[in-house]
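I have placed the structure first, in the form of C-alpha cells, so that the comments after it can refer back to it.
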Amino acid sequence: MLDCGALALPPQAGRHVYADLGPLRARLAGLGVTDSMELEDYLSERLGAHVPGGHRFGDELGALRVRLSTGPLLGVTAEERLESLAAAEPLSLPHVAAPLADLASAFGELRPELAR
C-alpha cells in the first residue's frame, strides 16, 4: 500500500489497517473513484472482499479512506491461522503470500506512474 503512495499508520495490534488513499486522488479519479463510497465499491470488486469506506466510520464522503481487514492474510482455516501466527517467516507461506500478492497487485495499479 505504501509503495503506491497511500498513507497508513504502522499497525500496533488489531484486525484492520485504516488506509488513506487521498494522495492517490488523481489516479483514482481517472478510474471513476471520487469519494469513499466509490472507493469501497472499486476495492471490494477488485479484491473480491468487502472493503468498507471511511464514510462508514464517520469520515466525510470526500475522504478517500478504507478499512482493510488483516484476517484474510492469516489464512482461511484455523490450522492456517495458527501456522501463520507461529511461523518464523510467515510471508513464505503460500496461504499468506497469495492474498498479499492480490493486495499488492490491486494497490500497485494505483501507482501514479501507471496512470497513462
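Bear in mind that the values in this text are calculations on the coordinates, not laboratory data. Quick caveat: nothing in here was measured; it's all calculated off a predicted structure. For neighbour counting, all protein chains shown are included, and Cβ atoms are generated from backbone atoms with ideal geometry for every residue, glycine included.
Worth pointing out:
- Computed about its Cα centre, the charge dipole of segment 1-112 is approximately 200 debye, with only Lys, Arg, Asp and Glu carrying charge at their Cβ.
- 3J(HN,Hα) along segment 26-40, derived from phi through the Karplus expression 6.51 cos²θ - 1.76 cosθ + 1.60 where θ = phi - 60°, amounts to 5, 5, 5, 4, x, 9, x, 10, 10, 8, 6, 5, 5, 5, 4 Hz, with x in place of Gly and Pro.
- A simple rule links phi to the HN-Hα coupling: the Karplus curve 6.51 cos²θ - 1.76 cosθ + 1.60 with θ = phi - 60°, which for segment 93-103 gives 6, x, 6, 9, 5, 5, x, 5, 5, 4, 5 Hz, with x for Gly and Pro.
- In a fully extended conformation the segment linking A97 and V76 would gain 6.3 nm over its present Cα-Cα distance, using 0.36 nm per residue.
- Value of relative contact order over the chain, rounded to a whole percent, pairs C-alpha under 8 Å and six or more apart: 29 percent
- Electrostatic bookkeeping for L64 treats Lys and Arg as +1 and Asp and Glu as -1; over the other residues with beta carbon under 13 Å from its beta carbon, the sum is -3.
- Percentage, to the nearest whole number, of Cα pairs in the chain over 20 Å apart: 42 percent
- Between L43, L100, L85, the residue with the greatest mean-square fluctuation in the GNM of the chain (Cα pairs under 10 Å linked by springs) is L85.
- Full extension of the chain between E83 and R15 yields a length gain of 22.8 nm, computed as 0.36 nm times the residue separation minus the alpha carbon distance.
- Segment 34-98: proportion of alpha-carbon pairs further apart than 16 angstrom, %: 53 percent
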